[in-house]
Amino acid sequence: MVVKKLSNIPLFASFSLDSWYRLLKKVDLTEWLKFPCLSSSKIVNDYLEVFTKQLLKSGNIIIDGQTVILISHPSYHRSIMKQYQEIQRLIQ
């Protein structure tokens with residue numbers, strides 16, 4: 001869902017880090033899983049930080065100080081194998 005939302009944002013749009021994370025958090029907020037023993041905001045924040053780092057590593061965004069700039073739209077893969085291969089590429 002987040003990747004689809006980002007594909008609707010014009011290229012070279014810029015955001016402060018805070019507004020970037022707020023934008024990502026708003027995407028399909030009802031779909032975030034709830035864990036009774038863990039703070040859901042901590043899980044969401046940690047995930048979005050990792051996701052942002054992956055976008056940075058894959059060249060979809062650049063971060064200049066406290067500004068995030070979308071320079072290319074991320075793509076997503078429909079097949080599970082393609083998703084797995086992309087995740088493996090990003091974590092190496």
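Read the figures in this text as sums done on the coordinates, not as results from a lab. Keep in mind that this is a model prediction, so the values were computed, not measured. Here the Cβ is made from the backbone with ideal geometry for all residues, glycine too, and neighbour counts use every protein chain on show.
Place a +1 charge on the Cβ of each Lys and Arg in the range 2-91 and a -1 charge on the Cβ of each Asp and Glu, then give the dipole magnitude about the Cα centre in debye, rounded to the nearest 20. List each step's numbers first, then the result.
Numbers: 12 positive and 7 negative charges, 46 e Å.
Rounded to the nearest 20 debye, it is 220 debye.
Please compute the modelled spin-label separation between Ile9 and Lys57, points set 7 Å along Cα→Cβ, answer in nm with one decimal.
2.0
Can you list the lysines whose alpha carbon is less than 26 Å from that of Lys42, not counting same-chain residues fewer than 8 positions off?
Correct list for Lys42: Lys4, Lys5, Lys25, Lys26, Lys34, Lys53, Lys57.
Please work out whether the range 2-91 counts as rounded, prolate or oblate from its C-alpha gyration tensor, where a ≥ b ≥ c are the square roots of the eigenvalues and a/c under 1.5 means rounded, while otherwise a/b larger than b/c means prolate and anything else oblate?
Verdict is oblate for the range 2-91.
Can you tell me the FRET efficiency between Ser16 and Cys37 if r is taken as the Cβ-Cβ distance and R0 is 30 Å, rounded to the nearest 0.05?
Numbers: r = 32 Å, r/R0 = 1.08.
So, using R0 = 30 Å, E works out to roughly 0.40.
Using 0.36 nm per residue, how much length does the chain from Thr67 to Gln83 gain when fully extended, once their Cα-Cα distance is taken away?
Numbers: separation 16, 0.36 × 16 = 5.76 nm, distance 2.82 nm.
So the chain would gain 2.9 nm between Thr67 and Gln83.
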